[in-house]
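So the structure is just underneath, and the comments pick up after that.
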Amino acid sequence: EGRAKYNTYKKHGDTDIYKGLTFWSPNVNIFRDPRWGRGHETYGEDPYLTGELGKAYVEGLQGDGEYLKAAACAKHFAVHSGPEALRHKFDAKATKKDMYETYLPAFEKLAKVEAVMGAYNRTNGEPCCGSPALQKILRTDWGFEGHFVSDCWALRDFHTQHMVTDTAEESAALAIKNGCDVNCGNTYLHLLRALEQGLITEEDLTRSAERLFTTRYLLGLFDKTEYDEIGLDKVECKEHLKLADEVTAKSVVLLKNDGILPLNRKKLKAVGVVGPNANSRAALIGNYHGTSSRYITVLEGIQDALGEDVRVYYSEGSHLYKEKVENLSAGPDRISEALAVADYSDVLIVCLGLDESLEGEEGDTGNSYASGDKLDLLLPESQRKLLTAMVETGKPVILINMTGSAMDLRYAQKHCAAVLQAWYPGARGGRVIADLLLGELSPSGKLPVTFYQDTESLPAFEDYSMEGRTYRYIKEEPLYPFGYGLTYGDIRMQSVTLEGKTVEAGSTVEVAENGFTEVEVFVENRGEKAAEEVVQVYIHAEESENATPHGKLCGFERVALEAGEKKLVTVLLDKDALTVVNEEGERLVEGKRFAVSAGFGQPDKRTAELTGKECICFSVNIA
């Protein structure tokens, strides 16, 4: 679709900004803290998962033809994940262990991407868009050959915020000498004066120009390509819309279900749809988005799915974050309407959460008091009051939480009949959510982030140490663990095979010195409907003092099963599955004994409690 729009604009003589073929995505920063407003642009808190999904994204975007279909850009290099309010002057300090264990692996896996964008902040004292240390890692250690671009106006921060230079000329010189080829902003307007002042050489300019023209050649901008005839008819075509629906369906996470879902439409007479995100287009699309020709909200999706056979009542219920919807009203002015809806409904579908006005990038949101970040994990007070009022009616409540990040859902977990994490489900996501509620589809998404009980146990937002953060280092029991998610079907783990041998739970397996590269899992759907699951393998180096406190995700595979179907699933493992990272940032294998688990989530107590299913856990000894 990007090529289609480029071709169409170019045909009409429009080559303006945002209409080219260099796409500044994917964001492969680690979502280390749930308060970060831009976390929903990322792939979550795990470096392996982030690297795998980011790599697939880049390969899909750039294509496998003679020319690049588009040029992807891995961002923001390197240690970047808030706070948004401080990013222009912040120094993110990270140990070598945290750098090479958490913050850098995804970027290394994407080293063949055509472009890399630097972050606003400093990392260990050096501004990321002018860092000799980061450039050495990127170009010398990893062999990156593409071009490097600054985040927008990040070079200006060198002399106005970070204070590592005194003038714009010095900032331009520091950046281009340290590998920054494109300046998003206007600091490179000072390059000629930097050259005249002897701060840079013509060779510096030539090096960057060659990199940039190489990208243009690789995109086929000076030749005819196989992509030149892609037209606007490909945008929102039937095939693409179907794929978008599939993405939404696979991303929604069912967090709780007391048996109310899927809803039986034959028994429904009236449904109440309540909440500020129920009929919100903004809650569909997140903080970076295009413009769709059609939007289907959750309310509209439910109305369309139920047709005329079931009455659908609606109330906004509350403002997204203000006390009241109408400024002249005395107080919460939509609660009574929501209560009236409850009176007439068999079940209440309550749609709460956030949107881009409350979480997102600094400067792009209405959340000025926190610059796009969250101050805590609570839903706005207006929504908490609404949810309490709906629960207290005694009618069964299904909560649909539409946020890009982890929230404090302890009240909902205790009092609601079902809880779905819908994220920002896309322009037509409401239709898919309706299908999930009604059992036309089965939820199969897994959490790519930890849902904490609250922020009390988390380190300070500004602290980039991984201690106490994410599933690998968490100290408290989470509300919902990383990797967790329910389905409607009853899919079970039957057995595990390693190196051709069936492995019993609790047993120890001896393998050759070169270790193992895959785990085979036999699964069965004992349910009455087709469903999907995600088999996950976690490994913990038991004899290493450098291992993370909890095992790490090393492989995953999605599997679709018809009712009663059995399948053998092969899970390929990360090449670094058996390694740890020491305090010097060195990746190595330590010890010969490893704890391995295969299941539909982590091998932790909380996941077992929520799912009612145990992982198959065993030990592996390396000869």
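The values are calculated or read from the model by the stated rules, or taken from the named source; none is laboratory data. The structure presented is a predicted model; accordingly, all values stated were derived computationally and were not measured. Heads up, the Cβs are rebuilt from the backbone with ideal geometry, glycines too, and the neighbour counts pull from every protein chain shown. We work out accessible area using only protein heavy atoms, side chains counted, and drop any ligands, DNA or RNA first. Shrake-Rupley method; radii C 1.70, N 1.55, O 1.52, S 1.80 Å.
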Exercise. For the chain, what is the convex hull volume of its Cα atoms per residue in Å³?
Worked result: 171 Å³
Exercise. Any idea what log10 I(q)/I(0) is at q = 0.15, 0.22, 0.28 Å⁻¹ for the stretch 448-514, Debye with uniform C-alpha scatterers and no solvent?
Worked result: -0.77, -0.92, -1.19
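Leaving ligands, DNA and RNA out of it, rank TRP24, TRP36, TRP423 by accessible area with a 1.4 Å probe, largest first. If you can, show how the numbers build up before the last one.
Numbers: TRP24 95, TRP36 0, TRP423 40 Å².
These residues rank, largest area first, as TRP24, TRP423, TRP36.
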Exercise. How many percent of all Cα-Cα pairs in the stretch 89-136 sit more than 15 Å apart?
Worked result: 48 percent
Problem set entry | Proximal aspartates and glutamates to LYS385, defined as alpha-carbon separation beneath 20 angstrom and excluding residues fewer than eight positions away on the same chain | GLU316, GLU323, GLU326, ASP333, GLU337, ASP343, ASP355, ASP376, ASP408, ASP454
Seminar exercise, completed: Share of Cα-Cα pairs in the stretch 1-131 beyond 22 Å, whole percent, is 41 percent
Problem set entry | Estimated FRET transfer efficiency when R0 is 35 angstrom, pair GLU145-LYS234 (beta carbons, to 0.05) | 0.70
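Which of the DSSP-defined H helices in the chain satisfy a minimum axial length of 18 Å, computed from C-alpha atoms, and a minimum mean Kyte-Doolittle hydropathy of -1.0?
On the way: long enough: 47-62 (22 Å, -0.19); 202-218 (24 Å, -0.92); 238-251 (20 Å, -0.82).
In the chain, the long hydrophobic H runs are 47-62, 202-218, 238-251.
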Exercise. In nm, to one decimal, how far is the modelled label at ASP490 from the one at GLU308, with both set 7 Å along Cα→Cβ?
Worked result: 4.0 nm
For this session: Report relative contact order for the chain in percent, whole number only (criteria: Cα-Cα under 8 Å, sequence separation at least 6).
Result: 13 percent
Exercise. To the nearest 10 square angstrom, how much accessible area does ILE230 have with a 1.4 angstrom probe?
Worked result: 50 Å²
For this session: Using only alpha carbon pairs under 8 Å that are at least six residues apart, calculate the relative contact order of the stretch 506-623 and give it in whole percent.
Result: 35 percent
Exercise. Which translational diffusion coefficient, to the nearest whole µm²/s, is obtained for the stretch 251-377 from the Stokes-Einstein equation, given a Kirkwood hydrodynamic radius over C-alpha pairs, 37 °C and 0.692 mPa s?
Worked result: 200 µm²/s
For this session: Might you work out the accessible area of VAL419 for me, using a 1.4 Å probe with all protein chains in place, and round it to the nearest 10 Å²?
Result: 0 Å²
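Put HIS88, HIS162 in order of accessible area, largest first, 1.4 Å probe: what do you get?
Sorted descending by solvent-accessible area, the residues read HIS88, HIS162.
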Exercise. Kirkwood Rh, the stretch 120-260, all Cα pairs: how many Å?
Worked result: 18.4 Å
Exercise. With labels modelled as points extended 7 Å from the Cα through the Cβ direction, what inter-label distance (nm, one decimal) is found for ARG193 paired with GLU543?
Worked result: 6.3 nm
For this session: Let me have the 222 nm mean residue ellipticity of the chain computed from DSSP H runs of 4+ only, each contributing -39500 (n - 2.57), with the sum over all residues rounded to the nearest 500.
Result: -6500 deg cm²/dmol
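Chymotrypsin sites (Phe, Trp or Tyr not before Pro) within the stretch 477-567: which are DSSP loop residues with at most 15 other Cβ atoms inside 10 Å?
none
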For this session: For the stretch 98-167 and the stretch 468-498, write down the distance between their C-alpha centroids in whole Å.
Result: 34 Å
Exercise. Given labels modelled 7 Å from the Cα in the Cβ direction, how far is it in nm from TYR344 to TYR217?
Worked result: 6.9 nm
Seminar exercise, completed: With all protein chains in place and a 1.4 Å probe, LYS566 shows an accessible area in Å² (nearest 10) of 110 Å²
Seminar exercise, completed: quick shape note, the stretch 13-89: Cα extents on principal axes in Å, largest first -> 41, 30, 17
Exercise. Can you pull the percent of Cα pairs in the stretch 543-619 with separation above 18 Å?
Worked result: 53 percent
Seminar exercise, completed: Quick tally, 1.4 Å probe accessible area for ARG469, ARG431, sorted with the most first, runs ARG431, ARG469
Exercise. Convex hull over the Cα atoms of the stretch 183-333, averaged projected area in nm²?
Worked result: 18.5 nm²
